[in-house]
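Enquirer: Below you will find the structure I want to go over with you.
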Amino acid sequence: MSTIRDASISRKLSVSFMVVVVVMLAVSAVTWTRLSSIRTNVGWTVHTYVVLSTMDEVVAAMVNQETGLRGYLVSGQDGFLAPYRGGEARYGEGLQHVRSLTADNPAQQSRLTELDRFAQTWKRDVAEREIALVRDGRLEDARALEASGAGKASMDALRAKATEIKGAE
């Protein structure tokens, strides 16, 4: 203790100043680390919301396809297939976007492959068959296929898989 009392004022001020500088550097380092962590977390949060939003768009595109197909079955007129065709394009774009957003996540990629399998099954086994039946003049057969619930299983599975993807995200 006597060494502090014996030190000159300039020495005491220099030591005090150095202590303040060291404390400020330590506080700055902690603050920078925390801000960096916050920035990273915000980035991941935004990424998650983009994936969730895009998945909503993918499901909406499938619903548009389903709506267009049903309108076609009710009317028998090609003009009612516009939502089906538009939904096809938006589905493909949305799925590709989600795939690129989750490229670093093999589990999500697998789920997306399953989701696409359900979509393609619905398209091949239900939608395209019903469209072909209507074009062949077999409107009642196409309506019967729809009424049988043939497409419901694929669409329900697709919706469930989309919910699983969103839940995992």
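The values are calculated or read from the model by the stated rules, or taken from the named source; none is laboratory data. As the structure is a prediction and not an experimental result, all values here were calculated from the model. Positions of Cβ are generated from backbone atoms using ideal geometry, with glycine treated the same way; all protein chains shown enter the neighbour counts. With ligands, DNA and RNA removed, areas are computed over all heavy atoms of the protein, side chains included. Shrake-Rupley method; radii C 1.70, N 1.55, O 1.52, S 1.80 Å.
Enquirer: With respect to the numbered conditions (1) over 30 Å from A132 (Cβ atoms); (2) polar (S, T, N, Q); (3) touching a Gly at 6+ places or on another chain (Cβ under 9 Å), which one is the sole condition not fulfilled by T67?
Expert: It fails just one condition, (1).
Enquirer: If you go through region 125-152 one residue at a time, how many are open to solvent by 70 Å² or more (accessible area, probe 1.4 Å) and without any contact (Cβ under 8 Å) to a residue 60 or more places away in the chain?
Expert: The initial filter retains those residues of region 125-152 that are open to solvent by 70 Å² or more (accessible area, probe 1.4 Å), namely 129, 135-136, 138, 140-141, 143, 147-148, 152.
Imposing the further condition that a residue be without any contact (Cβ under 8 Å) to a residue 60 or more places away in the chain reduces the set to 129, 135-136, 138, 140-141, 147-148, 152.
So the answer is 9.
Enquirer: Just to be sure before I move on: is V27 under 30 Å from L133 (Cα atoms), open to solvent by 80 Å² or more (accessible area, probe 1.4 Å) and free of Cβ contacts under 8 Å to residues at least 12 places away in the same chain in the structure I sent? Don't jump to the end; show me each part of the working.
Expert: On the way: under 30 Å from L133 (Cα atoms): no; open to solvent by 80 Å² or more (accessible area, probe 1.4 Å): yes; free of Cβ contacts under 8 Å to residues at least 12 places away in the same chain: yes.
Considered against the rule, which asks whether it is under 30 Å from L133 (Cα atoms), open to solvent by 80 Å² or more (accessible area, probe 1.4 Å) and free of Cβ contacts under 8 Å to residues at least 12 places away in the same chain, V27 comes out as no.
Enquirer: Please find, among A144, A119, the residue that is more than 16 Å from M62 (Cα to Cα) and either at pLDDT 95 or above or of a type in the set (G, A, S) (or both). Write out each step before concluding.
Expert: Details: A119 fails: more than 16 Å from M62 (Cα to Cα).
From the options A144, A119, the qualifying one is A144.
Enquirer: Of all the residues that make up region 82-124, how many are without any contact (Cβ under 8 Å) to a residue 40 or more places away in the chain and more than 27 Å from Y72 (Cα to Cα)?
Expert: Looking only at that region, the number is 10.
Enquirer: Scan region 11-50 for residues that are in contact with a helix residue (DSSP H, G or I) (Cβ under 9 Å, 6 or more places away or on another chain) and modelled with pLDDT of 90 or more and jot them down.
Expert: V50
Enquirer: A160 passes all but one of (1) surrounded by 17 or more Cβ atoms within 10 Å (Cβ to Cβ); (2) among the aliphatic types (A, V, I, L, M); (3) under 25 Å from D56 (Cβ atoms); which number fails?
Expert: Failed condition: (1).
Enquirer: What are the residues in region 64-118 that are buried (at least 16 other Cβ atoms within 10 Å of the Cβ) and hydrophobic (A, V, I, L, M, F, W, C), if any?
Expert: L69, L73, F80, L81, L95, V98, L101, L112, L115, F118 - these are the residues of region 64-118 that are buried (at least 16 other Cβ atoms within 10 Å of the Cβ) and hydrophobic (A, V, I, L, M, F, W, C).
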